[in-house]
1. So if I check each of Val308, Val335, which one is outside any helix (DSSP H, G or I) and modelled with pLDDT under 95?
2. Can you find, within the range 75-84, the residue that is surrounded by the most Cβ atoms within 10 Å (Cβ to Cβ) among those that are at pLDDT below 90 and either outside any loop (DSSP other than H, G, I, E, B) or within 14 Å of the ligand (Cβ to nearest atom) (or both)?
3. Among the residues of the range 276-295, write down those that are within 29 Å of the chain's Cα centre (by Cα) and surrounded by 19 or more Cβ atoms within 10 Å (Cβ to Cβ).
4. Determine if the range 280-289 includes at least one residue that is in a loop (DSSP other than H, G, I, E, B), farther than 24 Å from Asp175 by Cα and either at pLDDT below 90 or hydroxyl-bearing (Ser, Thr, Tyr) (or both).
5. Got a number for residues in the range 159-204 being away from the ligand (no atom under 16 Å from the Cβ), small (Gly, Ala, Ser) and buried (at least 19 other Cβ atoms within 10 Å of the Cβ)?
6. Among Ser376, Ser333, Ser416, which is the only one that is out of contact with any helix residue (DSSP H, G or I) (no Cβ under 8 Å at 6 or more places or on another chain), under 30 Å from Phe204 (Cα atoms) and of a type in the set (Gly, Ala, Ser)?
7. Which pairs do you get when a residue that is in contact (Cβ under 8 Å) with a residue 60 or more places away in the chain and more than 27 Å from Met79 (Cα to Cα), found in the range 200-214, comes within reach of a residue that is more than 11 Å from the ligand (Cβ to nearest atom) and not in a strand (DSSP E or B), reach meaning Cβ atoms under 8 angstrom, with the pair 6+ apart or on two chains?
Amino acid sequence: AQDRMSKSVVTSSPLKIFGNAKKSIRDIFGGIASYVEESKACVQEINDERICSASERVKIGEYTDKVAGIREVLSRDHMKVVFFGRTSNGKSTVINTMLRSKILPSGIGHTTHCFVQVEGSDTTEGYMLLEGSAEKRPVSSLKDLANALSSVKLEENSLIRICWPKNMCSLLKDDVVLLDSPGIDVTPDLDGWIDKFCLDADVFVLVANAESTLMQTEKNFFLKVSEMLSKPTVFILNNRWDASASEPDMMEMVRSQHMERNMEFLCNELKVVNKKEAEGRIFFVSAKEALHNRLTEKGAVTTPLGSVLEGYQSRLFEFAQFERTFEECISRSAVKTKFAQHAHKGKLMACELRELMEALLDRSQSLREEVTKVYSSSTNQLAQLERQLAEISTDIENTIRMVADDVQLKVSRALSD
Ligand code: GDP
């Protein structure tokens with residue numbers, strides 16, 4: 001089955017690894033649930049405290065809730081990617097490019113000061129959920145969303161969820177949730193951010209500005225993240241790389257300078273990857289160009305970008321390369337972080353339940369042996385008693401005969417006298 005799975009993955013998106021693993025683990029838990037129900041039904045029929053104690057009955061009952069709880073979590077499990085970086089580095093534009101749709105408002109004036117999460121929904125229209133409210137606010141257009149976002153006053157670490165029709169974006173269909181953060185330059189409450197939004201993240205993307213160097217605030221955030229999560233998967237996108245086209249002579253030098261500093265950060269400061277791996281985590285892209293290119297292909301925009309800048313194709317290619325690596329990393333990391341724990345718990349539960357049922361079986365078998373023993377020993381005693389009774393009755397018969405003979409003899413003697 002694994003072979004089949006890996007073959008199908010090679011031809012389709014790496015994100016399917018997560019989808020397939022999710023399906024498998026859900027099937028396994030379906031199996032555990034029916035095992036629990038069968039055991040429960042069996043125990044209900046046993047009305048003997050010597051075989052199943054009251055506490056064991058309660059314990060088996062509790063497995064039903066535990067398994068249901070895990071199945072519920074599994075149905076909500078998804079892959080989560082969080083984007084960080086300074087305001088205007090292009091976080092929203094990167095997200096829109098990956099979604100191949102202008103979902104998040106971007107640009108000056110539409111800066112969001114809170115976290116905005118884009119996730120898939122099975123509805124035909126998009127809607128928005130504010131933190132602490134179940135009211136679905138309709139957002140069918142970018143303008144609606146921009147208006148809605150600016151009409152609500154939210155705190156820096158509150159969350160707006162944008163639920164967007166899954167059938168409009170393949171990333172959403174494959175259970176990827178994308179989280180945009182407020183600019184890291186706005187005196188962030190790093191601990192609060194990490195606690196609330198990052199502990200379940202599978203991948204982090206640092207959207208840096210290729211026109212400047214990484215800032216200490218950007219680095220500090222990731223240093224803190226790596227204190228709380230072991231070896232987080234971090235990508236660095238040096239965005240706005242189209243700016244380099246205006247200085248082609250300097251391009252190679254700037255690129256190698258960024259590369260060196262980014263590598264230094266990932267390998268020596270964060271210590272999350274080695275040099276070889278780090279090369280596959282650093283990209284030079286132009287989200288603006290890539291978004292425009294994708295929207296043009298979809299026929300969503302007709303206005304040309306202006307003059308196509310030198311290196312345009314290779315920047316598009318590098319964006320696609322980033323996405324491929326990202327998809328591989330996120331699905332592998334999500335399978336590990338999201339399912340390993342459930343798999344362990346499932347295994348433990350199945351083992352405990354098996355041990356318990358085996359103990360019940362053992363007890364019922366020894367009880368049966370005891371009953372058989374009692375039965376056969378009482379049968380033996382009965383036979384002995386019968387034998388004794390037979391002997392006694394023979395004795396009695398003999399005695400009666402002797403007495404009768406004696407009496408007869410005595411009577412005959414008396415008569416003859
Ligand atoms: P955010 O604050 O990090 O979410 O940044 P936005 O995505 O809102 O982008 C801020 C501005 O930068 C917008 O006007 C974008 O069009 C522009 N922008 C984003 N990516 C690029 C890029 O790769 N190249 C250029 N030239 N501009 C970009």
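The values are calculated or read from the model by the stated rules, or taken from the named source; none is laboratory data. This is a predicted model, so every value here is computed, not measured. As a convention, Cβ positions derive from the backbone with ideal geometry for all residues, glycine included, and neighbour counts pool all protein chains shown.
1. Details: Val335 fails: outside any helix (DSSP H, G or I).
Being outside any helix (DSSP H, G or I) and modelled with pLDDT under 95 holds for just one of Val308, Val335, which is Val308.
2. Initially, the range 75-84 is screened for residues at pLDDT below 90, giving 75-77.
Add one more test, that the residue is either outside any loop (DSSP other than H, G, I, E, B) or within 14 Å of the ligand (Cβ to nearest atom) (or both), and what stays is 75-76.
On the way: Ser75: 9, Arg76: 7.
The selected residue is Ser75.
3. Ala278, Arg281, Ile282, Phe283
4. Narrowing the range 280-289 to residues in a loop (DSSP other than H, G, I, E, B): 280-281, 285-286.
Now restrict to residues that are farther than 24 Å from Asp175 by Cα: 285-286.
Checking the rest, the ones that are also either at pLDDT below 90 or hydroxyl-bearing (Ser, Thr, Tyr) (or both) come to 286.
For the range 280-289, residues in a loop (DSSP other than H, G, I, E, B), farther than 24 Å from Asp175 by Cα and either at pLDDT below 90 or hydroxyl-bearing (Ser, Thr, Tyr) (or both): present.
5. The number of residues fulfilling the criteria is 1.
6. Details: Ser376 fails: under 30 Å from Phe204 (Cα atoms); Ser416 fails: under 30 Å from Phe204 (Cα atoms).
Sole residue among the options that is out of contact with any helix residue (DSSP H, G or I) (no Cβ under 8 Å at 6 or more places or on another chain), under 30 Å from Phe204 (Cα atoms) and of a type in the set (Gly, Ala, Ser): Ser333.
7. So the pair list comes out as Ala210/Val254; Ala210/His258.
Matching residues to (1) more than 13 Å from the ligand (Cβ to nearest atom); (2) at pLDDT 90 or above; (3) within 16 Å of Arg26 (Cα to Cα):
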position: Thr64; (1), (2), (3): yes, yes, yes
position: Ser88; (1), (2), (3): no, no, no
position: Ser92; (1), (2), (3): no, yes, no
position: Cys114; (1), (2), (3): no, no, no
position: Val118; (1), (2), (3): no, yes, no
position: Ser121; (1), (2), (3): yes, yes, no
